[in-house]
Amino acid sequence: MQNKREYHGMSNHPLYRVRKSIIERTTHKNNRHYRCYGGRGITICKEWLESPKSFFEWALKNGYKKGLSIDRINNDGNYCPENCRWVTQKEQTRNTRRNNNLTLNGKTMCISDWAKTLGFKHPIAINKRLKRGWSVEMALSIPCGTKNKTHI
């Protein structure tokens, strides 16, 4: 009888832990992060699930470096070559379900990036405007400190 486990010789490599973590949060119901991944229907592709070598090859060909983490481009999509990339922690935090992305003139960014781009001292100013009922266009286009009462 042949052993089903594929020998890859990389169990001490950081990518081994990355892959293992993906498998656990997408397939193990007892994993503390399962509800945010597998519980939402997010899976790992069969190719990566069955072959550590396949995952390692993809990772190394697609920009893996120490200090980067795997990110799903579509946050509701699966872990697969077409939907994953390697990003910095800063980029990773920009692609979460909690993040509030706004679109103006065809450009989409999170509130923090809009604030930085538009010269706001802090993103909370944009958040407050939106909570007060301002449209996205008004919240992003009226300079901070302007005494314009026509925003509502």
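The values are calculated or read from the model by the stated rules, or taken from the named source; none is laboratory data. Model, not experiment: these values are computed from the prediction. Positions of Cβ are backbone-derived with ideal geometry, glycine not excepted, and every protein chain shown enters the neighbour counts.
Residue pairs whose Cβ atoms lie under 9 Å apart, separated by 6 or more positions or on different chains, with the first residue in the range 45-71 and more than 16 Å from GLU82 (Cβ to Cβ) and the second at pLDDT 95 or above and part of a loop (DSSP other than H, G, I, E, B), are PHE56/TYR64.
Listed here are the residues, each with its yes/no results for (1) of a type in the set (Phe, Trp, Tyr); (2) loosely packed, with under 14 Cβ neighbours inside 10 Å.
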residue	(1), (2)
THR88	no, yes
GLU91	no, yes
ASN100	no, yes
LEU104	no, no
CYS110	no, no
TRP114	yes, no
ILE126	no, no
MET138	no, no
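What about LYS46, is it surrounded by fewer than 17 Cβ atoms within 10 Å (Cβ to Cβ) and at pLDDT 95 or above?
Details: surrounded by fewer than 17 Cβ atoms within 10 Å (Cβ to Cβ): yes; at pLDDT 95 or above: yes.
For LYS46, the condition - surrounded by fewer than 17 Cβ atoms within 10 Å (Cβ to Cβ) and at pLDDT 95 or above - is met.
Any residue that is at pLDDT 95 or above and surrounded by fewer than 11 Cβ atoms within 10 Å (Cβ to Cβ) - is there at least one of those in the range 66-83? Taking every residue of the range 66-83 in turn, at least one turns out to be at pLDDT 95 or above and surrounded by fewer than 11 Cβ atoms within 10 Å (Cβ to Cβ).
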